[in-house]
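All of the numbers you see were taken from the coordinates with simple rules; none came from a lab. Everything numeric in this text was worked out from a predicted model, so none of it was measured. Using ideal geometry, Cβ is built from the backbone for each residue, glycine included, and neighbour counts are taken over all protein chains shown.
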Amino acid sequence: MIVCKFGGSSLSDAPHIEKVQKIVHGDDERRIVVVSAPGKRSGNDEKVTDLLYRCAHLVAEGKSCRAVFDAIAARYTDILSGLGMEHDFFLPILAEVREHIEAGAGDHWAASRGEYLSARLVAAYFGWEFLETEGRIIIADDGSVDETTYERLREALDPKKRYVVPGFYGSNSHGKVQTFSRGGSDITGAIISRAIGAQVYENWTDVSGVYRIDPRLVEGATVVDRMTYREVRELAAVGASVFHEEAIAPVITASIPINVKNTNAPSDEGTWIVEGRECDGHPLAGVSAKGGFSRLTVHKLMLFKRTGIRHALLTMMRVFGVRPVFSLYGIDSIVWFFETSQASEGVLQAMCARLRSEFALDSIEVDHAHAVVGVVGAFVNEDPALVGVVSSALERAQIPITFLNYGSSATSMLIGVEERDSKAAVTTLYHALFA
């Protein structure tokens, strides 16, 4: 059995949904389809999920969301018309969703309705079963998937039937609708794949696989034919956006291969994501960068003589809403990189004052506008010349390096640069390593 997940670009309008149906009918093993909410139809369009969030925010402010919801409803009725379907069965569903949002159902519930409505529509068009994920996919308090999820899904799925499943949401431990992070329909597809032991998890999007670099940066950028689960996770962590990094976890234990394919070019082989691969002269998978980071540097003589100091510092930082993504360690210092959006300047000043006082730090500093570049490949550590190639290429391009982390991961080298240099750094390294 094959599980297929189709992203928002693949479900943006009626012609795209017709393509989806043709793809699904092209292989009898494609028996479960996971859908996202309709995405943008053009560059100046809005995603349905963004409109639903806006509805929830308007209601929370005591304002009417009727005009925005009417635009959402129009997206779905336009699709129904384009597919030659009647509207009558769908109008009460739309009305129920609007009533719940207006009653204050909240962000998570409102945002989840894009996928819910998409799945109801596609299931009706295909003539397949609709499978609700609320109450079946259980999201733990830490964001992980509760293990009871897989048994609940196995009990609900009849192998003789075909299903359309909404992505992006499940329920929390209190039984309320809970969404994953944006792009989380990838996670739903992976969960379904593990639950039924799929032979392949197909992830359909608007590009023909995972590129070695963002194709908007380099004309003629190449697609990776085959890469490992770990390579995908590490590329996603530094900004590559084709596949959600958290979607790897459910399939990795079951060794289910993932095939990233293009809805608009279904004959393209795409990228295969598997447990392991041979080097075959290609030790590296790709290069990417993620900006929007701030850097927190703490220093104290004999810092690590105090047992549990790192954990204690992190616990205090979380009180202020700061959760680091990358870290570096010296003999008497720690450097953490966190997303700048996590805290305002006022909050950061209060946090630094508290940390300095609580832990008697010699110094603590925060500065902004940082980016992290990742050179990712399953065989990174087997190329002793890589550090020299990377540093020399950036030096020639006159791009200063703020840090270089090689050896802490078997799959990636991380390079710190100023955010303004991130695109130039990525393109420079791509030409040095792949061209």
What does the charge count near Arg152 come to, summing +1 for each Lys or Arg and -1 for each Asp or Glu among other residues with Cβ under 15 Å from its Cβ?
-4
If I fit a long axis through the Cα atoms of helix 14-25 and take the longest principal axis of the Cα atoms of the chain, what angle between them do I get, 0 to 90°, rounded to 10?
90 degrees
Placing unit charges on C-beta atoms (Lys and Arg positive, Asp and Glu negative, everything else neutral), compute the dipole magnitude of the chain about its Cα centre in debye, rounded to 20.
540 debye
GluC sites (Glu not before Pro) within the stretch 314-367, DSSP loop, no more than 12 other Cβ atoms inside 10 Å
none
In Å and whole numbers, how far do the C-alpha atoms of the stretch 187-311 stretch along each principal axis, longest first?
60, 40, 29
Only bridges with both residues in the chain count here: give the DSSP antiparallel percent, nearest 5.
60 percent
How would you rank Asp158, Asp225, going from fewest to most other Cβ atoms within 10 Å of each one's own Cβ?
Asp158, Asp225
From the phi of every residue in the stretch 316-326, what ³J(HN,Hα) in whole Hz does the Karplus formula 6.51 cos²θ - 1.76 cosθ + 1.60 yield, where θ is phi - 60° and glycine or proline is x?
5, 5, 5, 4, 8, x, 9, 10, x, 9, 10
What Kirkwood hydrodynamic radius, in Å, does the stretch 2-199 give when the mean of 1/r is taken over all pairs of distinct Cα atoms and then inverted?
16.9 Å
So how tilted is helix 422-433 from the main axis of the chain? Cα-based, degrees 0 to 90, rounded to 10.
90 degrees
From the phi of every residue in the stretch 130-142, what ³J(HN,Hα) in whole Hz does the Karplus formula 6.51 cos²θ - 1.76 cosθ + 1.60 yield, where θ is phi - 60° and glycine or proline is x?
8, 10, 6, 9, 4, x, 10, 8, 9, 9, 5, 4, 8
Would you pull out the residues with amide H under 5 Å of Thr228's amide H, same chain only if 5 or more places away, H placed 1.01 Å from N?
Val274
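In what sequence do Trp128, Trp204, Trp336 fall when counting other Cβ within 10 Å, fewest first?
Trp128, Trp336, Trp204
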With θ set to phi - 60° and the Karplus curve 6.51 cos²θ - 1.76 cosθ + 1.60, what are the ³J(HN,Hα) couplings of the stretch 123-129 in order, to the nearest whole Hz, using x for Gly and Pro?
4, 5, 5, 6, x, 9, 6
Top positive-direction residue, dipole computed over the stretch 2-199 with Cβ charges, set Ser193, Gly170, Leu51:
Ser193
What relative contact order, as a whole-number percentage, does the chain give when Cα pairs under 8 Å and 6 or more residues apart are counted?
13 percent
For the chain, just give the cysteines left without a disulfide-compatible partner, judged by no other Cys Cβ under 4.7 Å.
Cys4, Cys279, Cys352
Kindly work out what percent of the DSSP beta bridges joining two residues of the stretch 2-199 are antiparallel, to the nearest 5.
25 percent
Here is the link list: Lys47/Lys160; Lys40/Lys261; Lys19/Lys423. Which ones come out longer than 26 Å on Cα distance?
Lys47/Lys160; Lys19/Lys423
Taking amide H atoms as placed 1.01 Å from N in the peptide plane, list the residues 5 or more away in sequence, or in a different chain, whose amide H sits under 5 Å from that of Arg162.
Glu129
In degrees rounded to 10, the 0-90 angle between helix 48-60 Cα long axis and the longest Cα principal axis of the chain is 80 degrees
Can you find, among Ile17, Ala67, Tyr125, the residue sitting farthest towards the positive end of the charge dipole of the stretch 2-199, where Lys and Arg contribute +1 and Asp and Glu -1 at Cβ?
Ile17
Taking the beta-carbon count within 10 Å as an exposure proxy, list Val210, Val68 from fewest neighbours to most.
Val68, Val210
Mean 1/r over distinct Cα pairs of the chain, inverted to a Kirkwood Rh in Å, yields 23.6 Å
Show the residues, 5+ positions off or on another chain, whose built amide H is closer than 5 Å to the amide H of Asn203.
Lys5, Asn259, Val260, Lys261
Charge tally for neighbours of His370 with beta carbon under 9 Å away, counting Lys, Arg as +1 and Asp, Glu as -1, is -2
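For the stretch 110-266, take the convex hull of the Cα atoms, compute a quarter of its surface area, and give me that in nm², please.
For the stretch 110-266, the mean projected area of the Cα convex hull comes to 10.0 nm².
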